[in-house]
Structure formats: C-alpha cells, structure tokens
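J.: Sharing a structure below in structure tokens format, with a few things to ask.
The values are calculated or read from the model by the stated rules, or taken from the named source; none is laboratory data. Remember, predicted model here, so these are calculated numbers, not experimental data. Here the Cβ is made from the backbone with ideal geometry for all residues, glycine too, and neighbour counts use every protein chain on show. Ligands, DNA and RNA are excluded from the accessible area calculation, which covers all protein heavy atoms including side chains. Shrake-Rupley method; radii C 1.70, N 1.55, O 1.52, S 1.80 Å.
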Amino acid sequence: MQSYSALITGGAQGIGKAIAKALVDDGLHVVILDSAADAGDETVEELGGAAHATFIEGDAASEADVQHAVAIAAEHGKGLRAAVGNTGIMIRKPVTELTLEEWNRVLAVNLTAAFLLARHAAPQLAKHAGAMLLIASSRALMSEANTESYSASKGGIVALTHSLAISLGPSVRVNCISPGWIATDAWQFSARRHAPKLSSEDHAQHPAGRVGTPPDIGTLASFLLSDKAGFITGANYVVDGGMTRKMIYAE
Ligand SMILES: NC(=O)c1ccc[n+]([C@@H]2O[C@H](COP(=O)([O-])OP(=O)(O)OC[C@H]3O[C@@H](n4cnc5c(N)ncnc54)[C@H](O)[C@@H]3O)[C@@H](O)[C@H]2O)c1
C-alpha cells in the first residue's frame, strides 16, 4: 500500500530522529535532510531501511538542498503530508565577541531553514491537507547569558509559526514545539552514542521530576501532524517538564 511522506530536517540524530521514528510508526515514509552522512545512513537502517525512510545529505539552510529534498519527498508514494523544521545549532559567546558571521549562521540554520522549508513544502502540503511542525525552544521565552543568537532565532520560530498558520490555513496547519532540556545522548550516531550522564539534581529540579527525552517530543509531534490535531494551528507547545512555570527567586 502506498504511504504519504514526511520531510524532517536534522532528522538523523537527537530530537529529529525521535520524531522520524514516531512518524514511521504512524505509517509515513520519512525523508531526512541532514548534514551528518554517517548518522543519516545509520538512522535509515534503524528505522527499517529504504522501505520506511530515505536519507538526503545536505544543508537545511541551503535553498537548493531544501528544494531537492522537498521534490524527493513529494515524489514518494501519495505525496508530502508532513514537514518538520528541526535543525538547530547554538553558539554560546558574549554578545561582544559573537561575530556577525556566527550570528548569521545560527539564524540561517535555526530560522531561515524553517522559512525555506515552508516556502518549498507548503504547495505540496496543501495538496494533501498536510501540516508543518517547527522546533523552537523554551529559550524563546527565557535565557541563560551569552545565547543571543540562539534565543533570537527561536523567538523567530514562534512568530514564524503563527504567521505561517494564518497565511497557509486552512489548507496547511502549522504549529511549533518549544522543548526544554532534552537529553539526546542516546539518540546520536552510534560512535557518539551513550547513556545520558544526569544527576539526581538534574532530574529533581523539574516539576515533572525528570529531564526530557527525545520521544517526549516525538509523541507530541506525531499528534500535531495527524488529523487528530485538526483544530490546532498557530500554537506553541512548551514541553519542558514545567521549568518555565517555576519561580526561581532565591529565598
Ligand atoms: N536538546 C535539547 O535540549 C533542545 C532543547 C530545546 C530545543 N532544541 C531544539 O531541537 C532541535 C533538535 O535539537 P537536538 O538537541 O536534537 O540536536 P542534535 O544536535 O542532537 O541533532 C541535530 C541534527 O541536525 C543536524 N543538523 C545540524 N545542522 C544542520 C544543517 N544545517 N542542515 C542539516 N542538518 C543539520 C545534525 O547533523 C543532527 O543530526 C534543534 O532545533 C534544537 O535547537 C533542543
């Protein structure tokens, strides 16, 4: 039986890989655009091989690479039904030391990549009452020092989400998830994979009692991209174990 496809940028490792797994479990054929070739090939195997997933090596901030990946995904089976903009990088540096080139690269991978995905995937998604999902961060809402480029890019994702939801609706729904601390160590390429090294304090500080895992995001992604979420668009879901709801004033 033919299946719909889903395109995920940065889906070879970490949160994107868990989203890819959740969508394969939902019966979608997943197309992964990722810059890490070793991880991409391995992830396709772990997802069940070429019958379930396709890897495309490329840069999610390159318009040509995104256009190519969308074309591959659109040609598969019944066509493109879901698009996930997941790539994100962080450079931690004092703002006075952050170069313009570094700022521009973070904005390109974290925010412009999502614009490129929307620009090229939207016409395909509209044919199949599809949905888009962008991955922001709780850092869109709160900060540690020296994270200006990352926080600004993630704030941009939250705003891009509601803007796209208005422009592309009702044919395409667009939502975003803002993860908090998600331990991705066990979802990396096998040579870099290990069990997360987390202390009891790391877990206990969370109102939910633990640090997050990639499947915590994959589960919600699966729901938001499905028809069950048909009345949800333009929303930002904070999935952070309650950390952004916790007051931290020193006593
Ligand atoms: N892990 C967390 O705690 C956390 C928290 C909040 C938000 N996020 C966001 O979730 C998303 C995924 O993060 P993660 O922690 O799983 O990252 P990760 O580093 O574990 O995996 C990211 C994947 O994206 C790929 N990638 C990076 N730049 C790329 C590019 N330009 N083009 C194509 N592929 C590229 C990498 O090769 C890798 O496979 C990011 O947007 C990140 O900002 C993560």
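J.: Going by the conditions given, is Ile89 open to solvent by 50 Å² or more (accessible area, probe 1.4 Å), β-branched (Val, Ile, Thr) and out of contact with any Leu (no Cβ under 6 Å at 6 or more places or on another chain)?
T.: On the way: open to solvent by 50 Å² or more (accessible area, probe 1.4 Å): yes; β-branched (Val, Ile, Thr): yes; out of contact with any Leu (no Cβ under 6 Å at 6 or more places or on another chain): yes.
When the stated conditions are applied, Ile89 passes them.
J.: Scan the range 195-224 residue by residue and report those that are of a type in the set (Val, Ile, Thr) and in a helix (DSSP H, G or I).
T.: To start, the set of residues in the range 195-224 that are of a type in the set (Val, Ile, Thr) comprises 211, 213, 217, 219.
If the condition is that a residue be of a type in the set (Val, Ile, Thr) and in a helix (DSSP H, G or I), then Ile217, Thr219 are the ones that fit.
J.: Further question: What's the total number of residues in the range 63-79 that are within 15 Å of the ligand (Cβ to nearest atom) and surrounded by fewer than 17 Cβ atoms within 10 Å (Cβ to Cβ)? If you could, list the steps in order and put the result at the bottom.
T.: First, the residues of the range 63-79 that are within 15 Å of the ligand (Cβ to nearest atom): 63-70, 72-73.
If we keep only those that are surrounded by fewer than 17 Cβ atoms within 10 Å (Cβ to Cβ) as well, we get 63-64, 67-68, 72.
Number satisfying all stated conditions: 5.
J.: Which members of the range 166-180 meet the condition of being aliphatic (A, V, I, L, M) and open to solvent by 10 Å² or more (accessible area, probe 1.4 Å)?
T.: If the condition is that a residue be aliphatic (A, V, I, L, M) and open to solvent by 10 Å² or more (accessible area, probe 1.4 Å), then Ile166, Leu168 are the ones that fit.
J.: Another question, then. Of the residues Arg92, Arg105, Arg81, which single one is modelled with pLDDT of 95 or more and touching a His at 6+ places or on another chain (Cβ under 6 Å)?
T.: Of the residues listed, the single one that is modelled with pLDDT of 95 or more and touching a His at 6+ places or on another chain (Cβ under 6 Å) is Arg81.
J.: On to the next question. For Ala6, only one of the following conditions fails: (1) more than 12 Å from the ligand (Cβ to nearest atom); (2) under 22 Å from Leu111 (Cα atoms); (3) open to solvent by 10 Å² or more (accessible area, probe 1.4 Å). What is its number?
T.: (3)
J.: Take the residues in the range 20-56 that are hydrophobic (A, V, I, L, M, F, W, C), out of contact with any strand residue (DSSP E or B) (no Cβ under 6 Å at 6 or more places or on another chain) and part of a helix (DSSP H, G or I); name whichever of them is farthest from the ligand (Cβ to nearest atom).
T.: We begin by selecting, within the range 20-56, every residue hydrophobic (A, V, I, L, M, F, W, C); these are 20, 22-24, 28, 30-33, 36-37, 39, 44, 47, 50-51, 53, 55-56.
With the extra rule that they be out of contact with any strand residue (DSSP E or B) (no Cβ under 6 Å at 6 or more places or on another chain), the set shrinks to 22, 36, 39, 50-51.
From the residues that got through so far, the ones that are part of a helix (DSSP H, G or I) too are 22, 39.
On the way: Ala22: 14, Ala39: 5 Å.
The residue in question is Ala22.
J.: In this structure, is Val84 open to solvent by 30 Å² or more (accessible area, probe 1.4 Å) and among the β-branched types (Val, Ile, Thr)? Spell out how you get there, then give the answer.
T.: Values: open to solvent by 30 Å² or more (accessible area, probe 1.4 Å): no; among the β-branched types (Val, Ile, Thr): yes.
In short, no.
J.: Hey, does the range 235-244 have a residue that's among the aromatic types (Phe, Trp, Tyr), out of contact with any Gly (no Cβ under 9 Å at 6 or more places or on another chain), part of a loop (DSSP other than H, G, I, E, B) and open to solvent by 40 Å² or more (accessible area, probe 1.4 Å)?
T.: no
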